[in-house]
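The values are calculated or read from the model by the stated rules, or taken from the named source; none is laboratory data. Owing to the predicted nature of the structure, the values given are computational and were not obtained by experimental measurement. So basically every Cβ, Gly included, is an ideal-geometry build from the backbone, and we count neighbours across all protein chains shown.
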Amino acid sequence: MFTDMKEALTAEALELTPLDSDQSSTASLVVARHARGKDDLASLLGALGLPCGEADLVRLLPHPTTPDDTPTGAPMPVNAFTATAASMLKNGDSPEHVRNTLGLSESELAEAVKHADLPTPAPDTDDSTTDPEAGAPVSDDTADTDGIEALLSWAENHPAASIRNRAARVRSDLVELTERRAADTAQRQAEERVAKAKAELEAAQKQLRAMKAGGRTATAVQHATPLAPAPTSTGKRTKEELAAIRTWARANSHQVADRGTPAKAVLDAYDAAHRTTNLAEAS
């Protein structure tokens, strides 16, 4: 309070800078937190030159402190803001959702839970939560997504234009990041399919080369080993037949002399091989 009239007149002549919308909204919220009821809120706003229309009062009504005029022994919420949170909790909203939507602090949330007659939420001690219906652990990604969405919803409905604009920018960035992640995932999956197809093609080409090499070897051996005439009905083998048997034996890893009749085991093996070949050709 001024004691000098000259100083008082000088201060009164100072030009006041009008508040912008954000400053006005912040000042109204601070005033509402200290008001006690609708009439008190309207009086305080009018005295400070802040908007005090019906729409402004409705927006700020959850914040004023409710006067304690209830009978002794009947508990009453500290203020209408807490009462709103307690009502949401009773309707089944999760404490996390209520806190993010209303912008509650930990102490305010605990007070709302107390007035809603609900057990106080225990602090998170695990990296995951449990789905009450399926009983399976829910990853932190789902909880984080719900929290981000609730925070964005709160910001998009905030009375301050700067908060709403920031929420719009954040949501746009989230959409862009989601699309980029989807594109990167699709590209990685396509690269994996291409790599798998290349590996299968290389394996098929290797198998084909092996088959071709095996066919050429069999053809070379067949041409290198002349077909010997079938043994005569008398059981004796001609010189030409014995020469063919020796050639066949050497080609099939049998040891035979340069002259004479090969061992009986070699003759039997030769006859068995040619009987199989003749049967295959006949079929």
Single residue of Arg237, Arg250, Arg259 found to be in a helix (DSSP H, G or I) and at pLDDT 65 or above: Arg250
Filter result for Glu133 (of a type in the set (Asp, Glu) and either surrounded by 14 or more Cβ atoms within 10 Å (Cβ to Cβ) or modelled with pLDDT of 80 or more (or both)): no
Selection status of Thr82, among the hydroxyl-bearing types (Ser, Thr, Tyr) and either modelled with pLDDT under 75 or buried (at least 19 other Cβ atoms within 10 Å of the Cβ) (or both): yes
Subset tally (residues that are free of Cβ contacts under 8 Å to residues at least 12 places away in the same chain, in a helix (DSSP H, G or I) and small (Gly, Ala, Ser)) for segment 27-55: 4
Leading residue by the ranking (surrounded by the most Cβ atoms within 10 Å (Cβ to Cβ)) among those in segment 101-113 that are part of a helix (DSSP H, G or I) and either touching a residue at least 40 places away in the same chain (Cβ under 8 Å) or touching a Pro at 6+ places or on another chain (Cβ under 9 Å) (or both): Ala112
Segment 251-277 residues that are without any contact (Cβ under 8 Å) to a residue 12 or more places away in the chain, paired with ones that are in a helix (DSSP H, G or I) and aliphatic (A, V, I, L, M) (beta carbon under 7 Å, 6 or more apart): Val256/Ala249; Val256/Val266
